[in-house]
Every structure is written in C-alpha cells, then in structure tokens.
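Here the structure comes first, spelled out in structure tokens, and everything after it is commentary.
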Amino acid sequence: MTTIVDGTVPHSVLAPLVRGLCINAVNMPRTVIPGTAVSGGTAIPETALIIDISSAFSKNSDGGVLFNEESAAKVLNEAYAAWEFEMVPSGAEAVRSTGSVKKQPSCIALNGENGLLALYWIDRDLDSALKRRAENDSSFIEETVPPAQSTDITPRGLSSKGRGDVVKNRIAVVTGGAQGFGEQIVLGLASSGALVFIADLNIKGAKKLADRINAAGGRTAAIAVSLDVTSEESAEALFKTIAETAGGLDLCVSNAGILNAGSVMEQELKSFKFTTEVNYVGYFIMAKYSGRLLKLQSLTSPAWKTDIIQINSKSGLEGSNKNGAYAGSKFGGIGLTASFALELVEYNVKVNSICPGNFFDGPLWSDPEKGLFVQYLNAGKVAGARTIADVKAYYEGRVPMKRGCEGPDVMKAIYYLVEQDYETGQALPVTGGQVMLH
C-alpha cells in the first residue's frame, strides 16, 4: 500500500507497473517515461490505451487515501489482455505460436476517479521513447514475437550465441561505477546495448564516464547519478530517479566497496566500522531499495526474471591476512546474498555474488598513494618485499593463471548469471584458479 499525498500517485510507483505490463506482453525489455497530456492536461493521444485504475484507491481509518499496487496490477493486466484480444482477435497465444508481428501501444494513460492520473510513453529504449514523447507519436510498436517451435537444430537454451545480447535494451544500475571494476562493468553493459545508471559518490567521474560512453555510442547509454551507498535516503532517491527516468530496472550491480588493510591488533575501530558500513551495510541498502522496485515491477510481469548481483571478492571465500575488516564484510555479503535469494525468488529476482580475483590494474590496487600495493608494503604483509613491484610480483605469482582478474572476466560472469534462469543464491569465483569451489 502507498499513502497518497495531494491526490498524486508517484511515478516511481506507477511507472514500474506500466513497464512490467509492457514487458509481460512481449517478454522483451521496455523503457517507460512519463509524459504530459495535451490540451491542458485533459486530452490524450487517440491511439493510447486508457486504463481506469480508480478501484485501486481506498481510504484508511483516518480518512487518508491509500493506493493498492496489487489491485492496480490486476486491473492493468485485465485491461491489457482485453485490448490485446481486440487488436488480435485470434488471441495473444496464437500470435506467439506463429511468430507474427504483434502490436503494442506506445502510450498508456491511467485514469482515476477525477480523471487522468498519469500518461506514459513506451518504446524499446530511452531515446526512442523520448522521441515519441517529443513528437507526440502514439503509433503502435510492432514486434516480431519468435514462434514457440523453432526450426533451429539447436534445442532452445543450448546456444550461447551473442551472450552480450542478454542485456540489450535492459535497464541496469552499477554502484561505484565511475572507476575500477565498476567502470569496466559500466563499459561492458553499455557496449552490449543496456541503459546503465552510473551511481557513485564521485559524481564528477560518473558524469565524465557517461558523457564519454554516450558520445562514442551515439545514443543515451549511460546516466550519472549521485549515490552514497551508506545512506538510505540516497538509495531511495536513486531508485526513484531510475523509475521516473526509464520506468523500472532489470539489473542491479552492487559493486561499491572499499578496503582498509590493517592488523587486527592495530587497526582503528573507526576504520573497521567504515569498511563494514560500505561493503556490508551498503549492499543491504542496495538490495532493500532495488528489491522494492523489482517487486513492484513483478506485479505486472510475474514471469520476467531480474537480477541483483553483488561484486564480492575472493577474500569473501577464503579470508585475508591483515585484512579482516574487508574479508569479514565480504563473508557477510555472501550470507546476505543467500538470504536475499531465498526471499526475493518469489518475485523472480535472482540474487548472486561474483567473487573476482585481484584487479591489479585498477585504482584499488595500483593507486600510488592509497592503493593496496602501497598499503600492503607499508603493513609488511609481504615478507621481504621492498618495493611495490615486489608486492605485485608476489600476488601475481599466487594465481595459477599468473595474472590478475580483469574487466572482461567479470563481465562474462555477469552475462552468465543474467542468462542463467536456474541459478540464485550463489557465490561465483572468478579467480584464475586461485580459489576453487569445494
């Protein structure tokens, strides 16, 4: 239930319901953006689908107005099914079985007791939806739905052709996305056709990265948003922005993290707590608010699978000498992943962790002032090491494949987890053989 203020249902509630509705119809990603009705806010485009959701409103004992999302979802699904049957008299399933071109509304208007509540524009990606809104183009979206029976000799699901396509036109958010593994993940998702929200406390770096990606790709592929992962208010604002900008979410990559090395006998409690706050509590906060959005969206797209992926660490699987704060927060993160997976599977949200090996070329390790090579050298973690090069050579030598983990290694793991329908609650090592499951 959502309490209504000033008679307005937030777009952050309505837009995910509409996005799920559109996804459910064709089993493909959609972008949904709010629009403004023409003619003084009373008229709507002629070919728009108009749905009355006034039955989803009620009053509580104090006379306040409540909005029931579950009731609204039921009304939306029933209204869309009726519209679809009218557009395709033989029924939606007939369309799916023949692989015919299927029509879908590009504009949906939601009405309440007092008239128009909200107007939404829909298309395959953000730029297309924005173009429709700007041109008031409510012509139908036409989509060729693949037939249920394929003539391909490969059974459904066994081919891995075009693995990056699993995120095409999907909406993703990457925390800590302005640098390190986060930047690599953002670049990978954007190049594979996703719309990526770069969420970072370093908003200047996030904007610079988004501008570079958008200029290179010639489309809106990345959007920078400020985020402090330790703040519930900041997280709530982030997912509100995502819902209002694109309608919903398919993938949340909880990547933001910090590391402060130090002996358990010497590390300050303040440093220990801060590491835990970012790595462990921050992941909880991201799962909490992304989970709320994904649950809301699932009310109208119950079969559409979405993902929360935590970027953990090999230190979450085996511990780390003189690095207890970091390893402890990562061990705890895997416990959160397994627990969140059990709860959110009800809404078809898969929750998994990826445990990369060391990204030696990233700022976490290589920063000349605060990087781990410097920290480990100063902490005396590597016996006999006199230079940063000595520390790096030591850690590379511990990996059976003799190199650190890189961005493409993590991206392949992300594609696997998104593509895999039958995997949740797992901690997937990507360590070059340094840490093996047993």
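The values are calculated or read from the model by the stated rules, or taken from the named source; none is laboratory data. Since the model is a prediction, treat every value here as computed from it, not as a measurement. Cβ sites come from the backbone with ideal geometry, for glycine too, and all protein chains shown count toward neighbours.
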Kindly indicate whether any position in segment 141-163 is within 26 Å of L238 (Cα to Cα), modelled with pLDDT under 95 and not aliphatic (A, V, I, L, M).
no
Quick check: is even one residue across segment 55-73 at pLDDT 95 or above, in a strand (DSSP E or B) and loosely packed, with under 15 Cβ neighbours inside 10 Å?
no
Starting from segment 403-430, keep only residues that are under 18 Å from A194 (Cα atoms), then list their pairs with residues that are among the charged types (D, E, K, R) and in a helix (DSSP H, G or I) whose Cβ atoms are within a distance under 6 Å, requiring at least 6 positions of separation or different chains.
Y415/R163
In segment 379-405, how many residues are in contact with a Pro (Cβ under 9 Å, 6 or more places away or on another chain) and surrounded by fewer than 19 Cβ atoms within 10 Å (Cβ to Cβ)?
1
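Quick one: which helices (runs of 4 or more DSSP H) lie wholly within segment 195-290 and hold at least 2 residues that are among the hydroxyl-bearing types (S, T, Y) and farther than 26 Å from V9 by Cα?
On the way: elements: 203-217, 232-246, 269-276.
By residue number, 269-276.
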Would it be correct to say that K412 is surrounded by fewer than 19 Cβ atoms within 10 Å (Cβ to Cβ), charged (D, E, K, R) and outside any loop (DSSP other than H, G, I, E, B)?
yes
Step by step: first the residues of segment 285-321, then only those that are surrounded by fewer than 18 Cβ atoms within 10 Å (Cβ to Cβ) and over 30 Å from L76 (Cβ atoms), then the one that is modelled with the highest pLDDT. Which residue is that?
E318
Could you run through segment 236-264 and say how many residues are more than 13 Å from the chain's Cα centre (by Cα) and of a type in the set (A, V, I, L, M)?
6
Take the residues in segment 274-297 that are aliphatic (A, V, I, L, M) and touching a Phe, Trp or Tyr at 6+ places or on another chain (Cβ under 8 Å), then tell me which one is farthest from K350 (Cα to Cα).
L293
With the first residue restricted to segment 352-366 and required to be under 15 Å from I334 (Cα atoms), and the second required to be surrounded by 22 or more Cβ atoms within 10 Å (Cβ to Cβ) and polar (S, T, N, Q), Cβ contacts under 6 Å at 6 or more apart or on different chains are S353/Q310; S353/N312; S353/T337; C355/N312; C355/S313
For residues that are modelled with pLDDT of 90 or more and of a type in the set (G, A, S), scanning just segment 1-31, find the one that is farthest from C107 (Cα to Cα).
S12
So, in segment 369-378, of the ones that are farther than 21 Å from I311 by Cβ and without any contact (Cβ under 8 Å) to a residue 12 or more places away in the chain, which residue ends up surrounded by the most Cβ atoms within 10 Å (Cβ to Cβ)?
N378
Single residue of segment 85-103 satisfying the filter (of a type outside the set (G, A, S) and assigned to a loop (DSSP other than H, G, I, E, B)) that is modelled with the lowest pLDDT:
P89
Across segment 179-194, which residue is surrounded by the most Cβ atoms within 10 Å (Cβ to Cβ) among those that are of a type in the set (G, A, S), without any contact (Cβ under 8 Å) to a residue 60 or more places away in the chain and part of a helix (DSSP H, G or I)?
A190
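Please verify whether segment 74-84 includes one or more residues that are modelled with pLDDT under 90 and farther than 18 Å from G247 by Cα. It would help to see each step written out before you state the result.
Our first condition is that a residue be modelled with pLDDT under 90; within segment 74-84, this holds for 84.
Okay, now just the ones that are also farther than 18 Å from G247 by Cα, so 84.
Yes, segment 74-84 has at least one match.
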